[in-house]
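One structure is given below, encoded as structure tokens.
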Amino acid sequence: MSQPFTASILVVEDDPEQLRLYVRALRDYRLVCVATARAGLAAVQERIPDLIILDQVLEGGERGTDFLPEFKN
């Protein structure tokens, strides 16, 4: 019997507490978690997720919304 499809989710989040909440709430999904938008872009190059959760303001002044065009490409 084949296993049911499990969606993959890329979580771009630099706050450890928020990340723990995502991991707990989304435990039935395949998660890839990174702390920067640049790392998120690299992860997308390796495998395109079904969903991306992108923090709006990241460490080091990165703004998630600034990277949306690159994620869309």
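The values are calculated or read from the model by the stated rules, or taken from the named source; none is laboratory data. Not measured: the values here are computed from a predicted model. Glycine gets a Cβ as well: all are built from the backbone with ideal geometry, and neighbour counts include every protein chain shown. These accessible areas exclude ligands, DNA and RNA; they are computed on the full protein's heavy atoms, side chains included. Shrake-Rupley method; radii C 1.70, N 1.55, O 1.52, S 1.80 Å.
I want to confirm something. Restricting to segment 14-66 and keeping residues that are among the acidic types (Asp, Glu) and farther than 25 Å from Pro4 by Cα, which single residue is most open to solvent (accessible area, probe 1.4 Å)? Looking at the filtered set, the residue picked out is Glu59. Within segment 39-50, can one find any residue that is within 12 Å of Ser8 (Cβ to Cβ), among the hydrophobic types (A, V, I, L, M, F, W, C), in a strand (DSSP E or B) and touching a residue at least 12 places away in the same chain (Cβ under 8 Å)? There is no residue in segment 39-50 that is within 12 Å of Ser8 (Cβ to Cβ), among the hydrophobic types (A, V, I, L, M, F, W, C), in a strand (DSSP E or B) and touching a residue at least 12 places away in the same chain (Cβ under 8 Å). Mind listing whichever residues of segment 11-38 are among the basic types (Lys, Arg) and assigned to a strand (DSSP E or B)? The one that is among the basic types (Lys, Arg) and assigned to a strand (DSSP E or B): Arg30.
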